[in-house]
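Only the coordinates and a few stated rules stand behind these numbers; no lab work does. For clarity, every value in this text was computed on a predicted model and none was experimentally measured. Using ideal geometry, Cβ is built from the backbone for each residue, glycine included, and neighbour counts are taken over all protein chains shown.
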Ligand SMILES: NC(=O)c1ccc[n+]([C@@H]2O[C@H](COP(=O)([O-])OP(=O)(O)OC[C@H]3O[C@@H](n4cnc5c(N)ncnc54)[C@H](OP(=O)(O)O)[C@@H]3O)[C@@H](O)[C@H]2O)c1
């Protein structure tokens, strides 16, 4: 069995990698910082080190996403599990070199493109699972599909983050709707409120509340448990497309279950990424 994971150079992804290395024969570590990835790989036994393949990806650079998918395709004829874990909340509005708002690009568009490019490999697997690390913040999402890239709206660190975490669930459900009949499984999850590098660079009210919550947060190892559970276990088919918390399916917001929202997100994302699709 093989697996690919984004954002394994820190926090929840790093802990998921450290656990899953024991359950998979080949693990593609998709990261933008090769040194950080190599430092983590060095901690593994010689046997486990041989399983790791570093693949450069910057989810804010769509050319690199396409190249990463091509590199994986050149190294394997199938992919069993893809974990779309990387992401974050941003202090200021930033536009990537491709012209996308950073939060949208790093949390959603990069993974949307990566997953679509890897679909042929995923559909060749007998397991074929995609796992999206979303958040309870999705419940605060307030999306304007005519301004998905936030060209017209003023910046809100948490507001933008809530939207992209809602997109993670909508995208997960779309994958099941479109490819579930071909065997694809897809799940989204909330990891808990986890002490990681997440939120370290924010300012204002969110930063204040995040610092206040810090003593009550769970560890990254605890925060990785639902990701690990979904990656390792066979999940009942009736939960395909579900949203998980503490390794159990839970009901997400009404918006997250909306068919019209997931269709709009799929179409708008394809439109924005047309050049790379
Ligand atoms: N912590 C929480 O309480 C919490 C709660 C709900 C959901 N989440 C979600 O959990 C996921 C993991 O976050 P975390 O808490 O583990 O935070 P973290 O410690 O900051 O880890 C984030 C990971 O994402 C990577 N990343 C960020 N932007 C990237 C980009 N443009 N291209 C490639 N990789 C990129 C980072 O790479 P570098 O090492 O290179 O920076 C890092 O490996 C995120 O999706 C987050 O939204 C976290």
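Of the residues 12, 3, only one is in contact (Cβ under 8 Å) with a residue 60 or more places away in the chain, within 9 Å of the ligand (Cβ to nearest atom) and closer than 25 Å to residue 190 by Cβ; which?
Numbers: 3 fails: within 9 Å of the ligand (Cβ to nearest atom).
Checking each option against the conditions leaves just 12.
Every residue, every condition in (1) surrounded by fewer than 20 Cβ atoms within 10 Å (Cβ to Cβ); (2) more than 25 Å from residue 68 (Cβ to Cβ), yes or no:
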site: 100; (1), (2): no, no
site: 113; (1), (2): no, no
site: 139; (1), (2): yes, yes
site: 142; (1), (2): yes, yes
site: 151; (1), (2): yes, yes
site: 154; (1), (2): yes, yes
site: 176; (1), (2): yes, no
site: 179; (1), (2): yes, no
site: 183; (1), (2): yes, no
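In this entry, residue 83 passes the filter for residues that are over 17 Å from residue 149 (Cβ atoms) and either more than 14 Å from the ligand (Cβ to nearest atom) or crowded, with 22+ Cβ neighbours inside 10 Å (or both).
Residue-wise test of (1) part of a helix (DSSP H, G or I); (2) farther than 20 Å from residue 88 by Cβ; (3) within 16 Å of the ligand (Cβ to nearest atom).
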site	(1), (2), (3)
205	yes, no, no
208	yes, no, yes
215	yes, yes, yes
228	yes, yes, yes
234	no, yes, no
244	no, yes, yes
252	no, yes, yes
262	yes, yes, no
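For region 88-103, the count of residues that are under 15 Å from the mean Cα position of the chain (by Cα) and either away from the ligand (no atom under 11 Å from the Cβ) or closer than 14 Å to residue 4 by Cα (or both) is zero. Find all pairs meeting these conditions: Cβ atoms under 6 angstrom apart; at least six residues apart or on different chains; first residue within region 26-55 and within 12 Å of the ligand (Cβ to nearest atom); second residue in a loop (DSSP other than H, G, I, E, B). Once the first residue is within 12 Å of the ligand (Cβ to nearest atom) and sits in region 26-55, its partners that are in a loop (DSSP other than H, G, I, E, B) give 29/8; 30/57; 31/9; 32/58; 33/9; 36/9; 37/9.
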